[in-house]
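Following: one structure in structure tokens, then a few remarks.
The values are calculated or read from the model by the stated rules, or taken from the named source; none is laboratory data. Remember, predicted model here, so these are calculated numbers, not experimental data. With ideal geometry, Cβ positions are generated from the backbone for all residues, glycine too; neighbour counts draw on all protein chains shown. For accessibility, only protein heavy atoms count, side chains too; no ligands or nucleic acids. Shrake-Rupley method; radii C 1.70, N 1.55, O 1.52, S 1.80 Å.
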Amino acid sequence: MFNARDKTPVPGRDETGKVHGDLPGHVPGSWTKQDLEDAAGELAKSIERRVDESLQLGEDGPHRRQIELERGLLTQILKKLSGS
Amino acid sequence: MSEHDVNSQRGDDLVDRLLAGDDVSHDLLKEIWAGYPASNLYRLVKSGQQEAEKAAAWIASELGYRSTEMMSEVGLLLTNPLRYVKYYALEAVLTGATVENGAIVGRAVALIDNPDNVVRWKVVELLSRSANAILAAAQSHVDDVQIRHLLAWLIGIRATPHDVEDVVASLSHADAQVRMFAVAAAARLAYDNRVPLQEAATSEYDDVKTFAQKELDFVDSWRTAPSWTRRLSSHVLE
């Protein structure tokens, strides 16, 4: 789920506890520090949920790739937040 | 050729590749985000091929609210024998079903008596997090008398002292199905009153306890979530 703002949407979880939507491949310049912190929290919880699902349903290519995408974006966000 | 035609052609090609056994689910999902109609996944759903059906279910679950566009296909996926397919189809019902999809939600709720405990507890999650209006639309489509009765009970639960007491008492009912509806009720109440879910989290029944502990974590995680993600507390009991 994404918030409705006139800029690259910030990822947020829905009822499933996961983030859904077309994630950006890099951290958008339009995101504020608050957006970055929000996105990091949401992605971390989404990844946790997805890993839990992998344990219940077994190893799965598409799901693993989605986890990698979310982890990749989260890593970029954390780097940006740390100023490196 | 217009951009729409190119997107449509790429999407059709990816469906063909999935039917041929290529693992391109993620590429097809990206194509749907770019405009390819999700309902075109009916070719995968009706293929009779396990891997294609699994891909359709996974993509449906990843669509979030856009799974509404392929709810007919999701309804078919709910009848699939595979745990993986049922699990993700149930998730698509949770995010995409509307009051127009009562029959499909009813089919999802009826899976509460499925022999697979992972599927059963996924249904409890659906019962815990769906809007009252969605569950109400499903009532008349549930054939099993006990399940229909329990669904009506769940929909009627409010955060009153009487209902809270009723939910807590039902958490230790001898009938496992009653306990599952009770823990779903406890989860729905948790945004107003955490006591029933906390009681469930110390249940003598392991599956009730495990579900309740996870659901407590889930409810707590919304307290610090950004405002646009806070949908559950405002709609589950409305």
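Points worth noting:
- Accessible-area composition of region B:72-222, carbon plus sulfur, in percent [1.4 Å probe]: 51
- Relative contact order of region B:84-173, defined on C-alpha pairs under 8 angstrom at six or more residues apart (%): 28
- Taking every protein chain into account, the 1.4 Å probe leaves A:L69 with about 80 Å² of accessible area, to the nearest ten.
- Shown here for region B:26-83: chymotrypsin sites (Phe, Trp or Tyr not before Pro) in loop regions (DSSP other than H, G, I, E, B) with at most 11 other Cβ atoms within 10 Å, of which there are none.
- A 1.4 Å probe run over chain B, with the rest of the protein chains in place, finds 42 Å² accessible per residue.
- Region B:102-153, dipole about Cα centre (Lys/Arg Cβ +1, Asp/Glu Cβ -1), debye to the nearest 20: 140
- For B:T79, solvent-accessible area (1.4 Å; no DNA, RNA or ligand), Å²: 90
- Positions from region B:33-77 whose accessible area shrinks by 10 Å² or more when the full protein complex is built, not the chain alone, probe 1.4 Å: B:W33, B:W58, B:S61, B:E62, B:G64, B:Y65
- Per residue accessible area in Å² of chain A, where ligands, DNA and RNA are left out and the probe is 1.4 Å: 46
- Inter-label distance for B:T224 and B:D166, nm, one decimal - labels placed 7 Å from Cα along Cα-to-Cβ: 3.6
- A probe of 1.4 angstrom, applied to the heavy atoms of all protein chains, finds B:S72 with accessible area near 80 square angstrom.
- By the rule of a C-alpha distance below 18 Å, with chain neighbours fewer than 8 residues away ignored, the lysines paired with B:K30 are A:K18, B:K54.
- In plain terms, the chain from B:A159 to B:W33 could stretch by 41.4 nm, reckoned as 0.36 nm per residue minus the Cα-Cα distance.
- For chain A, with +1 on Lys and Arg beta carbons and -1 on Asp and Glu, the positive-most of A:H20, A:T32, A:L55 along the dipole: A:T32
- Note on A:K80: aspartates and glutamates with a C-alpha under 20 Å away, same-chain residues under 8 apart excluded, are A:D35, A:E37, A:D38, A:E42, A:E68, A:E70.
- Between A and B, accessible area buried - total, square angstrom, nearest 100, 1.4 angstrom probe: 2900
- Listed residues B:S8, B:S25, B:L41: farthest to the positive end of the dipole of region B:1-63 (Cβ charges): B:L41
- Of the DSSP H helices in chain B, those whose Cα atoms cover at least 15 Å axially and whose Kyte score averages 0.0 or more: B:83-96, B:117-129, B:145-156, B:176-189
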